[in-house]
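Quick one: structure below, then a few questions.
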Amino acid sequence: MVKLPILLLLLLPLSLLTRLHSTTAFSLPTPTPPTPPIQAILFDCDGVLADTEPDGHRVAFNLAFQNNDIPESWSVSRYGKLLEIGGGKERMTAHWNEVGWPERIPPEGRAETVKELHLKKTDIFMTLIDEGKIPLRSGVLRLVDEAIERGVQLAVCSTSNEKAVSNLVRTLMGEERREKFRIFA
């Protein structure tokens, strides 16, 4: 029985390796089966389809604050830190619990005011989408079109508002592409 170091075996021609295989304990690896075709692509909305967090939600929060005479403006870096907290209402609450609540929002009405501000923020966000102020990320349309062409199922899975996600897909990709998506939001 011929025993050769593995490194030496890797340098031998395949025909010789095949002959040695029948007389040694060495065996060639089993070929890997082909990868099945992609059946579905699941996108997130915020940060995947579009940079909605810094360019959309943050801007909409700041406009909602401004429109309601609340002296607050979140910078990109502050908003980035607040993104560690899930949910817009929860972000506002955590922020003001940390830095102090605006005088305009009395303690007994905080939950209701935060809820109202968040609804207004969502309306502003929808307007930003409608006005095309939040562009798709580079390459998204190409990927979506290639997936549609190949019959790959498409979906958006997001913790964002379903209406906002659907609006973003429809407005930035068109109704024809929107019809190819399932939305889970």
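Looking at the range 146-180, which of its residues are charged (D, E, K, R), within 17 Å of Ile41 (Cβ to Cβ), touching a helix residue (DSSP H, G or I) at 6+ places or on another chain (Cβ under 8 Å) and assigned to a helix (DSSP H, G or I)?
Arg177, Arg178
Could you go through the range 60-69 and let me know if any residue there is on the phi > 0 side of the Ramachandran plot and of a type outside the set (Val, Ile, Thr).
Yes, because at least one residue in the range 60-69 is on the phi > 0 side of the Ramachandran plot and of a type outside the set (Val, Ile, Thr).
Looking at the range 86-98, which of its residues are closer than 20 Å to Asp55 by Cα, at pLDDT 95 or above and open to solvent by 30 Å² or more (accessible area, probe 1.4 Å)?
Across the range 86-98, the qualifying residues are Lys89, Glu90.
Now, a different point. Starting from the range 82-94, take each residue that is without any contact (Cβ under 8 Å) to a residue 40 or more places away in the chain and list its partners that are open to solvent by 50 Å² or more (accessible area, probe 1.4 Å) and not hydrophobic (A, V, I, L, M, F, W, C), counting only C-beta distances under 8 angstrom and pairs at least six apart or across chains.
Correct list of pairs: Lys89/Lys115; Thr93/Arg110.
Residues being open to solvent by less than 50 Å² (accessible area, probe 1.4 Å) and out of contact with any Gly (no Cβ under 8 Å at 6 or more places or on another chain): count how many of those fall in the range 56-74.
Of the residues in the range 56-74, 11 are open to solvent by less than 50 Å² (accessible area, probe 1.4 Å) and out of contact with any Gly (no Cβ under 8 Å at 6 or more places or on another chain).
Anything in the range 109-130 that is under 22 Å from His95 (Cβ atoms) and either of a type in the set (A, V, I, L, M) or under 22 Å from the mean Cα position of the chain (by Cα) (or both)? List them, or say none.
Passing the criteria: Ala111, Val114, Leu117, His118, Leu119, Lys121, Thr122, Asp123, Ile124, Phe125, Leu128.
Tell me, please, whether a residue that is part of a loop (DSSP other than H, G, I, E, B), within 22 Å of the chain's Cα centre (by Cα) and of a type in the set (Val, Ile, Thr) can be found in the range 131-142.
Checked against the condition, which is being part of a loop (DSSP other than H, G, I, E, B), within 22 Å of the chain's Cα centre (by Cα) and of a type in the set (Val, Ile, Thr), the range 131-142 yields at least one hit.
If you go through the range 137-170 one residue at a time, how many are surrounded by 14 or more Cβ atoms within 10 Å (Cβ to Cβ) and more than 27 Å from Glu90 (Cβ to Cβ)?
10
Test Lys121 against the criterion of being in a helix (DSSP H, G or I) and in contact with a Gly (Cβ under 7 Å, 6 or more places away or on another chain), and give yes or no. Can you show your working first?
On the way: in a helix (DSSP H, G or I): yes; in contact with a Gly (Cβ under 7 Å, 6 or more places away or on another chain): yes.
Yes, satisfied.
The values are calculated or read from the model by the stated rules, or taken from the named source; none is laboratory data. As the structure is a prediction and not an experimental result, all values here were calculated from the model. All Cβ positions, even for glycine, are placed from backbone atoms using ideal geometry, and neighbour counts span all protein chains on display. The protein model used for the area step is the full one, side chains on, heavy atoms only, and it has no ligands, DNA or RNA in it. Shrake-Rupley method; radii C 1.70, N 1.55, O 1.52, S 1.80 Å.
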